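Worksheet: the structure to be examined is printed underneath.
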Amino acid sequence: MKSADQLKIILNRIEGKPYGFYRDIKGWYDFDNFMLNIDYIQPDPFAPPSQVAARISRDVAGFPPELYDSPIRRIALEDCLTRHFYHQARKVARGKRGSGRSGLLAIDKPSQEVLMRTAMVINDDWVEARFVVGLPARGRRISVRDAIEIFFDEIPELVRRTLLYSNLDGKLLKKFVDLSEDSDYIRGKLPERGLVGFVGDGSILPRMSGIDDRPLPDEKAVSFQSPPELEVSFDCPRRGEVRGMGIPRGVTLIVGGGYHGKSTLLAALEKGAYNHIPGDGREMVVTVPESVKIRAEDGRFIEDVDISAFIRNLPFGKDTGRFSSPDASGSTSQAANIMEALEVGAKLLLVDEDTSATNFMIRDERMQLLVAKEKEPITPFIDKVKQLYDDLGVSTILVMGGSGDYFAVADTVIMMDEYLPRDRTGEARKIAESCSTGRSFEGGEHFGTVKARRPRPGGFDPRKGKHNQAKISAKSINTIAFGKDYIDLSQVEQLVDISQTRAIGDIINYALKRYIDGERSLAEILDLVEADLDEKGMDVISPYLNGNYARPRRYEIAAAINRLRTLKCGGAVSGEQ
Ligand code: ADP
Ligand code: MG
């Protein structure tokens with residue numbers, strides 16, 4: 001390792017030289033209380049910025065072990081420090097000066113969710129922040145004065161402000177970390193309480209806007225209050241008793257008038273698989289981790305999915321046991337979304353009428369009379385939703401303001417009334433008994449087969465360009481460029497952070513090199529990948545230091561693989577029930 005002074009000497013030597021001479025500063029440097037690792041040097045001032053890390057030994061950083069003595073607490077502390085670094089960087093860094101990205105100093109910007117991130121890594125020996133620097137230039141000539149400012153003023157100041165415990169607000173850190181532990185505690189307790197979801201009293205569910213995930217300000221929002229019939233409480237390890245609404249397993253309907261807050265409740269539950277930051281409003285909105293939002297997604301690509309549980313006898317005899325389509329319809333896409341979720345272990349489906357295909361959801365008496373069962377390929381969800389639970393143990397939470405036919409299959413009915421939930425299970429049951437729908441059940445005896453598919457390695461090609469190198473990147477939270485193809489994730493609603501999208505792209509490549517062999521099923525592949533991420537951390541998915549990953553769930557990794565338009569799956573592995 002070189003000394004910090006040597007960095008200064010090298011910089012002074014390359015002053016005013018062509019940009020490529022920045023190569024010479026790659027390496028590790030010993031600063032007073034931390035080590036600086038200049039790991040990747042951008043080739044020119046306009047290219048993606050250079051990757052740098054500051055590592056400080058655990059003893060010098062001085063974080064009390066209590067803040068990171070379990071995996072969940074460590075992830076929360078890392079996430080919290082990332083946020084702190086992000087905000088301080090905006091204060092400390094003088095910002096853009098010179099050409100292209102010159103002067104940039106930034107860390108990955110986190111969303112409202114607490115995720116395992118590679119921007120900050122804490123282990124038994126050190127704490128390390130990974131951030132990017134736009135190495136400064138005037139035109140294409142190295143500007144050393146600015147570089148020295150960044151390396152010798154800005155970065156050391158950021159390290160002082162964010163990585164030394166003595167300069168941080170210990171109470172705030174503890175609150176952040178404690179919150180994640182408590183949310184996780186509730187998540188872990190849900191199954192033994194017979195629940196799939198929980199919404200704490202006082203939660204603020206509505207968001208600022210469709211493009212701003214921060215909470216609606218308190219004065220505009222009606223805070224959540226559980227109906228007495230569904231109230232449960234948890235004795236959390238840190239904050240003690242937390243009360244709120246428990247959503248039992250089985251089939252739960254969310255009904256109510258238009259604009260009364262149904263979709264807002266479901267949207268909050270969708271994000272309940274993640275922990276949230278203090279002040280988010282959804283801190284105590286928690287679901288089981290195996291939750292998957294299901295929607296119609298017409299136009300999507302589908303490869304070899306068995307959708308016969310829902311759809312059979314398509315025109316022209318198209319096989320729905322091995323259904324493929326470059327351009328699926330609303331109903332076939334919604335069926336495929338369900339089957340793919342089940343294939344990789346979903347235990348809770350979240351469905352909103354707003355984003356469902358009507359003919360997939362309902363088929364009423366009159367329609368049954370006019371269009372005979374033999375003429376209708378679709379078995380509607382209403383005839384399958386109970387079997388999902390009875391046969392497979394998969395629960396559903398369904399927003400349905402438009403059809404009371406569902407009363408007959410619901411275990412719990414929650415009515416949203418001016419943004420407040422009421423328990424209407426009893427009334428709905430009475431109505432279902434006294435007021436027949438006249439429709440006949442079309443669901444058959446069992447739910448049907450959930451097929452495990454074996455992705456073939458030949459269906460993935462991450463290479464692009466004249467050097468035929470793997471080229472994978474996240475173009476937005478919704479789009480992965482994978483070699484020559486684009487993966488469209490715009491309808492995959494439980495992705496919350498572009499850094500997850502970035503990780504998914506590289507995870508697919510990682511899985512391709514190690515586990516996708518045409519023999520293993522998709523679920524097995526995901527099991528192996530997740531075990532690696534648990535055990536070794538997220539750094540395994542990149543050969544380079546990368547501070548821009550956040551951990552995705554297996555369902556979103558699967559969603560991306562399923563939407564890769566070159567995907568090819570082998571014959572079915574033995575079908576499971
Ligand atoms: P629905 O699905 O029942 O038609 P939405 O959930 O879409 O209704 O909510 C309608 C509007 O009310 C949205 O703009 C949403 O932000 C707002 N809203 C939802 N819940 C609340 C609440 N608890 N307090 C204040 N506004 C809310
Ligand atoms: Mg709605």
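Within the span defined as segment 374-388, every residue fails to be among the aromatic types (Phe, Trp, Tyr) and more than 14 Å from residue 441 (Cα to Cα). Count of segment 341-351 residues, restricted to those that are over 26 Å from residue 438 (Cβ atoms) and within 15 Å of ligand 2 (Cβ to nearest atom), is 1. Would you be able to tell me the number of residues in segment 11-41 that are farther than 23 Å from residue 545 by Cα and not acidic (Asp, Glu)? Total meeting the criteria: 6.
Each row is one residue, and each column tells you yes or no for (1) touching a strand residue (DSSP E or B) at 6+ places or on another chain (Cβ under 8 Å); (2) of a type outside the set (Asp, Glu).
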site	(1), (2)
71	no, yes
83	no, yes
107	yes, yes
124	no, no
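Among the residues in segment 233-250, are any within 13 Å of ligand 1 (Cβ to nearest atom) and open to solvent by 10 Å² or more (accessible area, probe 1.4 Å)? No; the residues of segment 233-250 include none that is within 13 Å of ligand 1 (Cβ to nearest atom) and open to solvent by 10 Å² or more (accessible area, probe 1.4 Å). Only one of the numbered conditions (1) near ligand 1 (Cβ under 9 Å from one of its atoms); (2) part of a helix (DSSP H, G or I); (3) not aromatic (Phe, Trp, Tyr) is not met by residue 219, and that is (1). Taken together, 328, 335 contain a single residue that is more than 16 Å from ligand 1 (Cβ to nearest atom), in contact (Cβ under 8 Å) with a residue 24 or more places away in the chain and over 22 Å from the mean Cα position of the chain (by Cα), which is 328. For residue 298, state whether it is in contact with a Gly (Cβ under 7 Å, 6 or more places away or on another chain) and either open to solvent by 30 Å² or more (accessible area, probe 1.4 Å) or within 16 Å of ligand 1 (Cβ to nearest atom) (or both). Judged against the criteria, residue 298 is a match.
Within segment 189-201, residues that are over 16 Å from residue 268 (Cβ atoms) reach partners that are aliphatic (A, V, I, L, M) with beta carbons closer than 8 Å, at six or more positions or on different chains, in the pairs 191/288; 193/232.
From 269, 253, 265, which residue is within 16 Å of ligand 2 (Cβ to nearest atom), part of a strand (DSSP E or B) and at pLDDT 95 or above? If you could, list the steps in order and put the result at the bottom.
Numbers: 269 fails: part of a strand (DSSP E or B); 265 fails: part of a strand (DSSP E or B).
So the residue among 269, 253, 265 that is within 16 Å of ligand 2 (Cβ to nearest atom), part of a strand (DSSP E or B) and at pLDDT 95 or above is 253.
Within segment 381-426, work out how many residues are in contact with a His (Cβ under 8 Å, 6 or more places away or on another chain) and in a helix (DSSP H, G or I). Going through segment 381-426 one residue at a time, the tally reaches 2. Within segment 116-142, being open to solvent by 10 Å² or more (accessible area, probe 1.4 Å) and not in a strand (DSSP E or B) holds for 116, 123, 124, 125, 139, 140. For segment 174-190, the criterion of being buried (at least 16 other Cβ atoms within 10 Å of the Cβ) and over 24 Å from the mean Cα position of the chain (by Cα) is met by at least one residue.
The values are calculated or read from the model by the stated rules, or taken from the named source; none is laboratory data. Computed from a predicted model, the values in this text were never measured in an experiment. Neighbour counts run over all protein chains shown; Cβ positions are idealised from the backbone, glycine included. Ligands, DNA and RNA are stripped out before the accessible areas are found, and what is left, the full protein with its side chains, is counted by its heavy atoms. Shrake-Rupley method; radii C 1.70, N 1.55, O 1.52, S 1.80 Å.
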